[in-house]
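Let me begin by presenting the structure, written as structure tokens, before commenting on it.
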Amino acid sequence: MPVTDRAFLFGDGIYEVVFGRDGRFAFWELHMQRLARSAAEVELKVPLDSGQWLAVAERLWADAGCETGSLYLEVSRGVAPREHSFPERAEPTVVAFVKELKVATEGDGEAALAVLLPDQRWLRCDIKSVNLLPNVLARQAAKRQGGREAILVRDGLLTEGAATNLFLVRQGELWTHPLDQHILPGVTRHVVLEEARRLGIPIRLEAYPADELALVDEVFVTGTTSHVLAIGEILGHWRRSGPDPITARLRQAYLGRLEAETMGAPHSAQSAG
Ligand SMILES: Cc1ncc(COP(=O)(O)O)c(C=O)c1O
């Protein structure tokens, strides 16, 4: 990629990460819808439609020869002389690659350590932009303290993880931040909420106050590559004191959906047949 690509110079691009298994991609349409939304919000033209992305994805997957992995897609505003405002003639740059994943998709799952950190991101966290420096710094700070994820706090309220959405269970109710400019509309979050509704688990779409963490029974985070990950401890703030039945149910339900999404022949073979 030329050094004058705007993704490199300004972080002027958007992306998606999709879970794949054996050439099948989970929740494909939801990812395509979010990509289109992110692009529209930053006035970026996406040169490929859903079918064209899928053709690229399937070819990359076959070439990589991997079983379970993630597909990364990015569109930048393209190559142009460095000037903040949009270039007049640049063509968008498209990048796609496949990465093998070792993340467990079966069993009970581990309980991870998380670290509470201030949310230093911009106020359009709903756009899946490649501008991830605050997320990178938060993850690194968590890692230095032995944590797997950083849980971010803005104005005393828990927003989400550095690369995951956050869920808390308190007295049988499932809390997660409502969809607004403070969080990414996670595809995994969306599916987990569908499953919670199906299972009759009461949902509260409200930001949870950080200073009420002591009253929480279960915490988990969700994401395309981490699925439903139970949190066992938030360093210095909260520690799980018992079983986590709601996390376990939702994890099983989500993995079931993932299984169903990635079973059978590749999408294109299905639509052709
Ligand atoms: C900030 C942030 N929140 C949440 C998520 C989870 O989104 P999804 O479930 O679509 O992977 C991600 C994924 O990368 C993220 O970067």
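The values are calculated or read from the model by the stated rules, or taken from the named source; none is laboratory data. Just so we're clear, the structure is a prediction, and the values are computed from it rather than from any experiment. When we count neighbours, we look across all protein chains shown, and the Cβ atoms used for this are built from the backbone with ideal geometry, even at glycine.
As a summary of the residue check, L255 satisfies the conditions (1) within 15 Å of the ligand (Cβ to nearest atom); (2) touching a Lys or Arg at 6+ places or on another chain (Cβ under 7 Å) except for the one numbered (2).
Per-residue answers, yes or no, for (1) away from the ligand (no atom under 13 Å from the Cβ); (2) free of Cβ contacts under 8 Å to residues at least 24 places away in the same chain:
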| site | (1), (2) |
| --- | --- |
| V95 | yes, no |
| V98 | yes, no |
| A112 | yes, no |
| R139 | no, no |
| K143 | yes, yes |
| G156 | yes, no |
| A163 | no, no |
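On the stretch given as region 234-255, residues that are of a type in the set (K, R) and either surrounded by fewer than 16 Cβ atoms within 10 Å (Cβ to Cβ) or modelled with pLDDT under 95 (or both) total 2. The single condition from (1) touching a strand residue (DSSP E or B) at 6+ places or on another chain (Cβ under 7 Å); (2) closer than 26 Å to P245 by Cβ; (3) of a type in the set (G, A, S) that G172 fails is (1).
Among the residues in region 202-219, are any among the β-branched types (V, I, T), in a helix (DSSP H, G or I), in contact (Cβ under 8 Å) with a residue 12 or more places away in the chain and in the same structural domain as D155 (by TED's automatic domain parsing)?
Restricting attention to region 202-219, the residues satisfying the condition of being among the β-branched types (V, I, T) are 203, 216, 219.
Subset that is in a helix (DSSP H, G or I): none.
No, every residue in region 202-219 fails to be among the β-branched types (V, I, T), in a helix (DSSP H, G or I), in contact (Cβ under 8 Å) with a residue 12 or more places away in the chain and in the same structural domain as D155 (by TED's automatic domain parsing).
Can we say A55 is of a type in the set (A, V, I, L, M, F, W, C) and more than 12 Å from R6 (Cα to Cα)? Yes, satisfied.
Out of curiosity, is L71 surrounded by 14 or more Cβ atoms within 10 Å (Cβ to Cβ) and out of contact with any helix residue (DSSP H, G or I) (no Cβ under 7 Å at 6 or more places or on another chain)? So L71 fails the test.
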